């Protein structure tokens with residue numbers, strides 16, 4: 001009887017250890033999901049506002065405001081592009097670091113030459129996880145004389 005009782009105790013102890021390990025794995029998995037999957041919830045970078053100052057020589061300075069729930073170095077808005085409506089790249093601004101505590105943020109790109117016949121541009125933001133945003137910001141340009 002003593003031997004059966006010891007075997008039973010050993011059996012339940014091993015089951016408890018297996019279950020504890022399993023539960024530990026579940027909690028580890030849940031902890032991992034809570035901590036590291038937040039990058040999925042930060043979403044794509046979005047262009048909120050664009051101000052363009054263009055002269056009669058068709059050279060423009062752009063101030064672009066971006067919003068993105070930057071998480072740090074693993075997930076942040078890492079740039080934006082100015083394109084023609086046909087998708088030709090006119091300019092690119094690379095963002096080298098996250099802006100976790102600065103949202104939204106505005107950065108500039110200067111002296112962008114706009115081809116003749118183009119009076120509208122498309123601005124798209126990028127982030128380090130999702131790449132190019134599916135949202136486009138379309139801006140009609142106004143070319144003004146240099147001394148106005």
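Criterion first (assigned to a loop (DSSP other than H, G, I, E, B) and more than 15 Å from residue 129 (Cβ to Cβ)) does residue 103 satisfy it? Against the criterion (assigned to a loop (DSSP other than H, G, I, E, B) and more than 15 Å from residue 129 (Cβ to Cβ)), residue 103 qualifies. For the condition without any contact (Cβ under 8 Å) to a residue 12 or more places away in the chain and either surrounded by 15 or more Cβ atoms within 10 Å (Cβ to Cβ) or in a strand (DSSP E or B) (or both), residue 70 does not qualify.
The set of residues in the stretch 89-111 that are under 21 Å from residue 138 (Cβ atoms) and buried (at least 17 other Cβ atoms within 10 Å of the Cβ) comprises 90, 91, 93, 109. For residue 36, indicate whether it is at pLDDT below 60 and under 29 Å from the mean Cα position of the chain (by Cα). So residue 36 passes the test. Taking the stretch 113-148 on its own, how many of its residues are in a strand (DSSP E or B), surrounded by 10 or more Cβ atoms within 10 Å (Cβ to Cβ) and in contact with a strand residue (DSSP E or B) (Cβ under 6 Å, 6 or more places away or on another chain)? Selection size over the stretch 113-148: 14.
The values are calculated or read from the model by the stated rules, or taken from the named source; none is laboratory data. Please read these numbers as outputs of a predicted model, since none were measured by experiment. Because the Cβ atoms are built from the backbone with ideal geometry, glycine has one as well, and the counts that use them run over all protein chains shown.
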